[in-house]
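Laboratory data are not the source of any read-out in this text; all were calculated from the coordinates shown. Values in this document were obtained by computation on a predicted structure and should not be read as measured data. Cβ atoms come from the backbone with ideal geometry, glycine included; neighbour counts cover every protein chain shown.
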Amino acid sequence: MKKILLLSLFSLAVMGAAHAEKADSEKEAVITAQRGQVDDIKQIRTLTGDVVLVKGTLTMKAGRALITEDPQGYQFITFWGEAGKLATFRQKRDGAGDLWVEGEAERVEYNNKTEVVKLFSKAKLTRLQGSKPTDVANGAFISYDSRNELFNMENSDSGTSAPGAGSVRMVIQPKNKPAAEKTPAAPAPVPTPVPTPGKK
């Protein structure tokens, strides 16, 4: 089945993210899916079947997506995973090295105005250096602010903490410490000759 292709759904006037890859804000968004429906009056776009959004280094994948747009041209996208699967996202982070963040959940909401990604139900967020995870967070709900590189975790998929609803979990890998500089050993003292009695 052929996929449909929707170009430039995101306004290029959107401010760049401070810690997400800055160049992403200047890139057009390309969305592919098996089916799509556009309602220009209500500013609603519905996409189903192998939905993939690519905007610079940001990639989001899901089985279904709903896109709405406000009067200023900002988009708000909700992604749902296919049956038995999770919706996912991945984006490069600014900074020295090969830094990435990726996440998954049953439902993923992306706010193009605030650059905040919200993960609902079976949420997982991983920060990586290359292919090596540096931090992994799991919970019912995770909110990730890519501008300030902050994330919040809650024990309920309503987006708030609830007594008895369970717990959140975070694994932080130890940082690689530089090898300690070795101090050269002091030279051994030269023994002072002891005169032999009776010799001049």
In the stretch 65-110, the trypsin sites (Lys or Arg not before Pro) that sit in a DSSP loop and have at most 13 other Cβ atoms within 10 Å of their own Cβ are 85
So, with points 7 Å from each Cα along the Cβ direction, the residue 42-residue 54 label distance in nm works out to 3.1
Pairs over 23 Å Cα to Cα, from 55/118; 42/85; 55/122; 27/132, come to 42/85; 55/122; 27/132
Per the rule of 0.36 nm per residue minus the C-alpha distance, extending residue 34 to residue 113 adds in nm 25.8 nm
